[in-house]
Amino acid sequence: MKHLLILSLTLTALPLQAQDKQEKYYQREEIPLPEGEVMEIGSIALLPDQKIAVGTRRGDVWICTGAYGKDLSNVSWTLYHRSLHEPLGMFYKDGWIHYTDRAGHGRMKDTNGDDRMDVLEVINNEWGINSDYHEYAFGTTPDKNGDVWVSLCLTGSFHARSQWRGWVVRITPDGKMIPTASGVRSPGGIGFNAEGDTFYTDNQGLWNGTSCLKHAKPGGFTGCLTGNIFYKDAPNMGPRPEDPKSGSRIHIEAKRIPQLVPPAIQLPHGIVGQSPTAVITDRTNGKFGPFSGQVLVGEQTHSEVQRVFLEKVNGVYQGAVFKFLGGFRAGIVPMRLSTDATLFTGGTNRGWASKGGKPFSFERVRFTGTTPPEMKTMSANKDGFTITFTQPVDAKAAADVSNYSMKTWTYIYQGKYGSPQVDHTTPKITSAKVSKDNLSVTLKVDGLQQGHIHHLKTKLPLWHQDAYYTLNEIPK
């Protein structure tokens, strides 16, 4: 994440019309916090009996009771533990609350049922740490093998002055650390897609022209070369990748460097947020609306949740990002989606500004049961895209090419900080074929651009009328 205090002067709240529409589809509520406490929430764990553990950036862990209830005035809090080192990942398993903080991965247990920690064990602390404020460590829930994946921010988000900074590592159930992917700059969260592959968010900066959702492919290099100095300590990873050429384009460098994995989703800076965070997948089978299986991405600066549709083309992840939920009261860092389809978000503004305006928050979101009219998915074809919808669309309007427009651009892949939009093109949409059930439209597009964001804008009466597809590969 970046210092954004100056930008806060220009940030505005979610437009009233958009808020009104959102309340029709999704109900957002603030959960009361313990009075007098600084609750800059960095991690959330869902416990049995509808209890929730939250970890704060100051190192406190609290247990919340009543956050699922109809009357939130009945919420109560118990202090579970103090003195972790900024936990940015927690989960519950077999009676233990597992945590990932700056210094390592460990677990805590309440042995007598009073919601207070009695036992703490460090499972692994093999990565480096110094006094730099930016050396965050974000941890996942366990994968199918029981491994916890950890994304390690660079020192000051520019350097690798502590061991394994700029890497994604795995912690096995027996406590072994395995270097897994290089190329990290300044992550904001890490999690899994519906297929169980690992993705993390990375923020705009050196070697990141814009913020991204990246596939942490085992053995892969995801773009920022700073941490590659540790390949000498990771024999399992093979040879160090060749350094990319500063000033190039990432899809061009990916053809030259076999280990380079391009971002699955490039998030247009300032348009679709600018500080992405949590990565979770909707596994509620429709209880949270019509987007089951899709990835939800938190956003700190804009206090939002974005929605991502992912697909693999020619073996490479890519897809579309859509605006989704807004109006949160602080910048979102962690998210958890419960089995009963309650989305819990934790917010913090310390060090960064956000549209939310509050210094911290704890909030929940529930689907009202009213399906929003939306673009559900956007898939790439060899000559265009297919859009599916959550509801049938008007066939005549959807078949009218004048109701669509498209622009593309990319970013400079460079060692300097960020990038402007470059290499703009305006593809021509030549036809729009509507399916018999009126639930999809196939657009033929003249002028697809590999490596570009394709911004599709439609005039159809949808809740959100924009989609941003990162076209790493054109289908064969």
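The values are calculated or read from the model by the stated rules, or taken from the named source; none is laboratory data. Being a predicted model, the structure only gives us computed values, none of them experimental. Neighbour counts run over all protein chains shown; Cβ positions are idealised from the backbone, glycine included.
Structure values in brief
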| item | result |
| --- | --- |
| Output for the range 81-110, where each listed residue is in a loop (DSSP other than H, G, I, E, B) and within 19 Å of residue 144 (Cβ to Cβ) | 89, 94 |
| Residue that is touching a Gly at 6+ places or on another chain (Cβ under 6 Å), exposed (fewer than 15 other Cβ atoms within 10 Å of the Cβ) and at pLDDT 95 or above, where the choices are 411, 417 | 417 |
| Test: residue in the range 112-119 that is part of a strand (DSSP E or B), farther than 24 Å from residue 222 by Cα and in contact with a strand residue (DSSP E or B) (Cβ under 6 Å, 6 or more places away or on another chain) | yes |
| Output for the range 229-249, where each listed residue is surrounded by fewer than 18 Cβ atoms within 10 Å (Cβ to Cβ) and among the hydrophobic types (A, V, I, L, M, F, W, C) | 229 |
| Test result for residue 402, under 30 Å from residue 141 (Cβ atoms) and either assigned to a loop (DSSP other than H, G, I, E, B) or outside the structural domain of residue 52 (by TED's automatic domain parsing) (or both) | no |
| Qualifying residue in the range 134-150 (condition: touching a Cys at 6+ places or on another chain (Cβ under 8 Å), touching a residue at least 12 places away in the same chain (Cβ under 8 Å) and farther than 22 Å from residue 56 by Cβ) | no |
| Residue in the range 389-396 that is closer than 30 Å to residue 222 by Cβ and of a type in the set (Ser, Thr, Tyr) present | no |
| Among (1) touching a strand residue (DSSP E or B) at 6+ places or on another chain (Cβ under 9 Å); (2) at pLDDT 95 or above, the one test that residue 23 misses | (1) |
| Meets criteria (within 14 Å of residue 215 (Cα to Cα) and at pLDDT 95 or above) for residue 344 | no |
| Count of the range 430-463 residues which are within 19 Å of residue 271 (Cβ to Cβ) and either among the charged types (D, E, K, R) or not assigned by TED's automatic domain parsing to the domain that holds residue 396 (or both) | 2 |
| Pairs where the first residue, in the range 238-254, is under 8 Å from residue 413 (Cβ atoms) and the second is part of a loop (DSSP other than H, G, I, E, B) and not aliphatic (A, V, I, L, M), C-beta under 6 Å, 6+ apart | 246/414; 246/415; 247/414; 249/451; 250/262; 253/244 |
| Residues satisfying the stated conditions in the range 444-476, i.e. outside any loop (DSSP other than H, G, I, E, B) and either under 28 Å from the mean Cα position of the chain (by Cα) or hydroxyl-bearing (Ser, Thr, Tyr) (or both) | 453, 454, 455, 456, 457, 458, 466, 467, 468, 469, 470 |
| Scan of the range 149-171 for residues that are closer than 16 Å to residue 276 by Cα and part of a loop (DSSP other than H, G, I, E, B), ordered by number | 153, 157 |
| Count of the range 36-55 residues which are closer than 17 Å to residue 359 by Cβ, free of Cβ contacts under 8 Å to residues at least 60 places away in the same chain and assigned to a strand (DSSP E or B) | 1 |
| Qualifying positions in the range 225-249 - assigned to a loop (DSSP other than H, G, I, E, B) and among the small types (Gly, Ala, Ser) | 234, 238, 246, 247 |
| Residue match in the range 135-150 (condition: over 24 Å from residue 203 (Cα atoms) and among the β-branched types (Val, Ile, Thr)) | no |
| Where a residue in the range 441-453 is touching a residue at least 12 places away in the same chain (Cβ under 8 Å) and its partner, wherever it lies, is part of a loop (DSSP other than H, G, I, E, B) and basic (Lys, Arg), with Cβ under 7 Å and at least six apart | 451/249 |
| Extreme residue, modelled with the lowest pLDDT, among residues of the range 348-391 that are of a type in the set (Lys, Arg) and assigned to a loop (DSSP other than H, G, I, E, B) | 350 |
| Answer residue from the range 412-426, given it is of a type outside the set (Asp, Glu) and touching a Lys or Arg at 6+ places or on another chain (Cβ under 8 Å) and is farthest from residue 266 (Cα to Cα) among those | 426 |
| Filtered residues of the range 289-342 (kept if more than 14 Å from the chain's Cα centre (by Cα), part of a strand (DSSP E or B) and closer than 21 Å to residue 39 by Cβ) | 342 |
| The one condition in (1) assigned to a loop (DSSP other than H, G, I, E, B); (2) without any contact (Cβ under 8 Å) to a residue 40 or more places away in the chain that residue 33 fails to fulfil | (2) |
| Single match in 466, 423 (criterion: under 23 Å from residue 310 (Cα atoms), outside the structural domain of residue 247 (by TED's automatic domain parsing), in contact (Cβ under 8 Å) with a residue 60 or more places away in the chain and in contact with a strand residue (DSSP E or B) (Cβ under 6 Å, 6 or more places away or on another chain)) | 466 |
| Hits in the range 417-443 - residues which are among the hydrophobic types (A, V, I, L, M, F, W, C) and part of a strand (DSSP E or B) | 422, 429, 432, 434, 441, 443 |
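Table: residues versus (1) assigned to a strand (DSSP E or B); (2) buried (at least 19 other Cβ atoms within 10 Å of the Cβ); (3) hydroxyl-bearing (Ser, Thr, Tyr).
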site: 173; (1), (2), (3): no, no, no
site: 189; (1), (2), (3): yes, yes, no
site: 199; (1), (2), (3): yes, yes, no
site: 214; (1), (2), (3): yes, yes, no
site: 223; (1), (2), (3): no, yes, no
site: 251; (1), (2), (3): no, yes, no
site: 270; (1), (2), (3): no, no, no
site: 274; (1), (2), (3): no, yes, no
site: 287; (1), (2), (3): no, no, no
